[in-house]
Structures are given as C-alpha cells and as structure tokens.
Amino acid sequence: MGRLVYTSICSLDGYVADASGGFGWAAPDDEVHRFVNDLERGLGTHLCGRRLYEVLRYWDTAPTDDPEGSVGDDYARVWQATDKVVYSTTLEGVSAPRTRLERFFDPVEVAAWVREQPRDVGIGGPTLAAQALRAGVVDEVSVFRVPHVVGGGTPVLPGDVRMELRLTDSRTFGNGTTYARYDV
C-alpha cells in the first residue's frame, strides 16, 4: 500500500523560493544530493504542479553515463525511472517519457489511487502539496532546511493548515542543512 509523501527543500525561515522567485541558495551539495537520491529511489510516481515540472524537466534528458558516478547522473537515473503526473490547467501537453498531464487535482481520487500503488508516491511543489495537505491526504512530510534566511517568498507549508506530526527521522549534514521526516 502506497503512502503520499511531501518532500521539500526550504530556507531556515520556511520558504522554497525567495520573494523574487529565486531558489539557487537551496542547491544541495553532494552529501545532501546523495541522501535525496536515496529517498527518491523508493518512490514509484511523482505528482507535481506545472512550475516544479518545468524546473525538473532537465532531469528527463540529463546524462546518466558519467563513469565517475556523479550524484547528478544518479539522480537523472532515478528521475527517469519514475512515473510523473503533472497537474496543470495551462500546459498544452507534456513531452517527457513516463509523464502524463492531468488538468485537475482531486485529493480524494488521488488518495484512493495512492493506496493502490505498490510503492510510495511523492508530491512536490508547495502549491500542489498545499491542496493535498488541506485535504488531509498526505501521509508523510519531509523537510530539508538549508542555513539561509530569505525573509519571504513561497512558503513550504500553507499557513491555513494544522496538523499533528510525529518525528520519525532526522539528520544534520556537513553544510548545515537539516532533514526531518514526520508521519502525519
């Protein structure tokens, strides 16, 4: 039985993008990237909104043949082996393999579909994840906090949701990034 998992990287003050839309400050170093790769390896499908899809499209055709085994090549292999569902009312279509376009996100329908999956399903992008969080269909929340304060922007969590969470894992990385995983 699959679980719906929301994972995001954010600033210490809780933003996935700063007020100008930038997120370069959130780029993971190799240690964090390897950890993310291992987390993502367990997912069977990614659900994402248009903006996140446009950011991650690079990985659909990124090289995977680095003889040194770079973390980027590893992530490209993980991403390319995973199914993707993009939710957008404005995209004309999607061209990446293993990717389909849905016009509307129905949290009840998605929750039922997730339960039928043999592997966990990731949901990404704060706007799409907010819909699932508001509907109470997210099973796990994982947050990577980078040691930057950006003072505003796009919040990692919606401000109108209350949840009781149970910490199930945490870690601190050499660059000061922290990871915390919670069951909802």
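We did not get these values from a lab; they are worked out from the coordinates using the rules stated. If you're wondering where the values come from, they're calculated on a predicted model, not measured in any experiment. Cβ atoms come from the backbone with ideal geometry, glycine included; neighbour counts cover every protein chain shown.
Computed values, structure above
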quantity: With at most 10 other Cβ atoms within 10 Å, longest stretch of the chain clear of loop trypsin sites (Lys or Arg not before Pro) (DSSP); calculated: 1-102
quantity: Student exercise, the chain dipole from Lys, Arg, Asp, Glu Cβ charges, in Debye to nearest 20; calculated: 460
quantity: Compactness index (Cα Rg / 2.2 N^0.38 Å), segment 41-163; calculated: 1.13
quantity: Within segment 43-183, percent of DSSP bridges classed antiparallel, to nearest 5; calculated: 45
quantity: Mean-position separation - Cα centroids, segment 1-45 and segment 66-137, in angstrom; calculated: 13
quantity: Whole-number percent relative contact order across segment 64-154, with pairs defined as alpha carbons under 8 Å at least 6 apart; calculated: 17
quantity: FRET efficiency for Glu109 and Tyr58, using Cβ-Cβ distance with R0 set to 30 Å, rounded to 0.05; calculated: 0.55
quantity: Of Leu157, Leu43, Leu165, the one that fluctuates the most in a GNM where the chain has Cα springs shorter than 10 Å; calculated: Leu165
